[in-house]
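**Student:** Here it is: the structure, laid out below.
The values are calculated or read from the model by the stated rules, or taken from the named source; none is laboratory data. Remember, predicted model here, so these are calculated numbers, not experimental data. In this analysis, Cβ positions are derived from the backbone assuming ideal geometry, glycine residues included, and neighbour counts consider all displayed protein chains. Accessible surface areas use protein heavy atoms only, side chains included; no ligands, DNA or RNA. Shrake-Rupley method; radii C 1.70, N 1.55, O 1.52, S 1.80 Å.
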Amino acid sequence: MEPLFEQLKQRAISAPMRIVLPESTEPRTLRAADRIIADGIARVILIGDYYAITNSAAELGLTNIGKATVVDPNNAELVEKYAQLFYELRKNKGVTVEDARVKVKDPLYLGCLMIKNGDADGQVAGAMNSTGNVLRAAFQVLKTAPGVDVVSGAFLMMLPEGSPYGENGIMVFADCAVVPEPDAQQLAQIAVMTAKTAHDLAGIEPRVAMLSFSTKGSASHERVNKVVEATALARQMSPTLSIDGELQADAAIVPSVGASKAPGSSIAGTANVLVFPSLEVGNIAYKLVQRIAGAGAVGPVLQGLAAPVNDLSRGCNVEDIYKTIIITCNQAIAAGR
Ligand code: ACO
């Protein structure tokens with residue numbers, strides 16, 4: 001595992017968090033859970049039928065799953081307790097107690113309700129469920145952290161050895177997962193939150209580039225104006241943040257291009273956090289860097305939620321789930337849970 005993950009793993013072991021895995025019989029999830037328990041990284045909570053889970057674990061030859069807490073979504077007492085909570089949270093949206101009783105049986109919602117109620121610290125899902133379903137449960141139950149109104153998804157890009165870019169071989173990209181068309185205010189929040197993720201999780205001093213197809217007025221278009229406005233708003237939100245924009249990607253990360261296209265910029269040519277103007281660009285860019293440059297892409301790390309929930313790709317492997325749980329534990333520790 002990369003040195004960064006060894007550090008994050010040790011931090012997680014030092015204060016094991018209660019992590020819900022709602023996709024409890026999914027084989028990759030169970031294998032990752034078994035490793036997490038064996039390594040003492042988290043206290044695992046599996047949502048599902050006890051016998052179905054233990055049978056699946058036995059078929060896979062897993063020996064540690066017996067140490068997980070199993071929460072049965074068909075337990076009537078439990079359903080009632082969390083249904084009342086969901087009803088209270090969503091009654092102003094027209095949700096009835098009957099609707100809530102049905103919703104609570106969905107493990108994605110039950111996990112979030114456990115976190116909301118203080119019975120768990122974080123959740124990891126998405127090996128079987130779409131991003132939209134994982135996110136919607138978290139948005140509706142946990143909502144955003146104080147002072148934040150948009151959740152976004154960052155990727156820690158683990159660059160190939162010897163890469164001249166980033167810091168300690170890492171760059172952080174956002175938003176690559178959630179907000180299709182952020183406005184300037186949302187883009188500014190995404191920049192500030194991504195800088196925090198870069199600092200708290202990747203351990204790097206963030207130098208944030210607000211990317212565009214223009215550098216310092218080389219093109220004029222409403223989309224460029226949005227990035228300029230977002231840069232100014234992010235500076236207001238976080239006056240000490242090292243940030244600049246609008247910058248093209250080469251001006252952001254190549255020192256000679258930064259010096260010629262954006263002379264005087266404090267971060268041009270040396271940016272280690274890249275903020276993309278829309279989800280299309282962010283999602284396409286991280287996948288291209290992953291495939292063409294051979295970078296590892298860890299994420300999406302969801303940022304801005306009141307408590308950590310992270311989404312997996314349905315194509316994920318056991319290692320991806322293991323790392324995502326470690327990240328979620330670290331977010332929970334950073335949030336003081
Ligand atoms: N931050 C915070 N809250 C949000 C956000 C957000 N970014 N988006 C929606 N919400 C809240 C809404 O305010 C609403 O709250 P309320 O019900 O309490 O009023 C609730 O979530 C549901 O809002 P909707 O607008 O109904 O949400 P919708 O279901 O339409 O969409 C979603 C939300 C699923 C996240 C949507 O934005 C989406 O599909 N985004 C793209 C996800 C995706 O497919 N990403 C690419 C794949 S991921 C990858 O490749 C790594």
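**Student:** Run through the DSSP bridge list for the chain and note the antiparallel percent, rounded to the nearest 5.
**Tutor:** Roughly 35 percent of the beta bridges in the chain run antiparallel, per DSSP.
**Student:** Oh, and also: What's the lysine pair count for region 23-170 at a Cα cut-off below 21 Å, pairs eight or more apart or interchain?
**Tutor:** The result is 19.
**Student:** Let me ask something else about it. Apply the Karplus parameterisation 6.51 cos²θ - 1.76 cosθ + 1.60, with θ equal to phi minus 60°, to every residue of region 16-22 and state each ³J(HN,Hα) to the nearest whole Hz, in sequence, with x for glycine and proline.
**Tutor:** With coefficients 6.51, -1.76 and 1.60, one gets x, 9, 8, 10, 8, 10, x Hz.
**Student:** May I ask you to give the percent of accessible area on the chain that is carbon plus sulfur, with a probe radius of 1.4 Å?
**Tutor:** It is 51 percent, rounded to a whole number.
**Student:** Something else now. Over the chain, give the accessible area per residue in Å² for a 1.4 Å probe, as an integer.
**Tutor:** On a per-residue basis, the chain sits at 43 Å².
**Student:** Could you put ARG11, ARG223, ARG18 in order of accessible surface area, largest first, with the 1.4 Å probe and the full protein assembly present?
**Tutor:** Reading off the accessible areas and sorting them downward yields ARG223, ARG11, ARG18.
**Student:** Tell me the angle of helix 27-38 to the major Cα principal axis of the chain, expressed in degrees between 0 and 90 and rounded to the nearest ten.
**Tutor:** Here the helix axis deviates by roughly 90 degrees.
**Student:** Pull up all non-local amide H partners of ILE243: gap of 5 or more, or a different chain, and H-to-H distance under 5 Å with H placed in the peptide plane.
**Tutor:** VAL208
**Student:** Still on this structure, I have one more. Mind checking Rg over Rh on region 95-137, alpha carbons, Kirkwood formula for Rh?
**Tutor:** With Rh from the inverse mean 1/r over Cα pairs, Rg/Rh is 0.98.
**Student:** Please give the net charge around VAL178, taking every other residue with its beta carbon less than 12 angstrom from that of VAL178, where Lys and Arg add +1 and Asp and Glu add -1.
**Tutor:** Residues near VAL178 contribute -2 overall.
**Student:** Further, regarding this structure: Once both axes come from the Cα atoms, what is the angle between helix 222-237 and the longest principal axis of the chain, in degrees from 0 to 90, rounded to 10?
**Tutor:** The angle comes out at about 70 degrees.
**Student:** Figure the gain on full extension for LYS91 and THR69 (residue separation times 0.36 nm, minus the Cα-Cα span) and round it to one decimal in nm.
**Tutor:** Extra length from LYS91 to THR69 when fully extended: 4.9 nm.
**Student:** Given a 1.4 Å probe and the protein chains all in place, what does the accessible area of THR240 round to, in Å² to the nearest 10?
**Tutor:** Accessible surface of THR240 is approximately 130 Å².
**Student:** With every protein chain left in place, what is the accessible area of LEU108 in Å² (1.4 Å probe, nearest 10)?
**Tutor:** 10 Å²
**Student:** Provide the solvent-accessible area of ARG337, counting protein heavy atoms only and rolling a 1.4 Å probe, rounded to the nearest 10 Å².
**Tutor:** ARG337 has an accessible surface of roughly 100 Å² with all protein chains in place.
**Student:** Around LEU62, with a cut-off of 10 angstrom between Cβ atoms, what is the net charge of the other residues, counting Lys and Arg +1 and Asp and Glu -1?
**Tutor:** 0
**Student:** Would you please give the FRET efficiency between ILE292 and GLN10, computed as 1/(1 + (r/R0)^6) with r the Cβ-Cβ distance and R0 = 30 Å, to the nearest 0.05?
**Tutor:** So, using R0 = 30 Å, E works out to roughly 0.40.
**Student:** How much net charge surrounds ASN74 when only the other residues with a Cβ under 15 Å from the Cβ of ASN74 are counted, with Lys and Arg +1 and Asp and Glu -1?
**Tutor:** Once positives and negatives cancel, what remains is -1.
**Student:** Full extension from ASN133 to ALA145: what is 0.36 nm times the residue separation minus their Cα-Cα distance, to one decimal in nm?
**Tutor:** Contour length minus Cα-Cα distance gives 2.3 nm.
**Student:** Using 0.36 nm per residue, how much length does the chain from GLU80 to MET237 gain when fully extended, once their Cα-Cα distance is taken away?
**Tutor:** Stretched out fully, the GLU80 to MET237 stretch lengthens by 52.4 nm.
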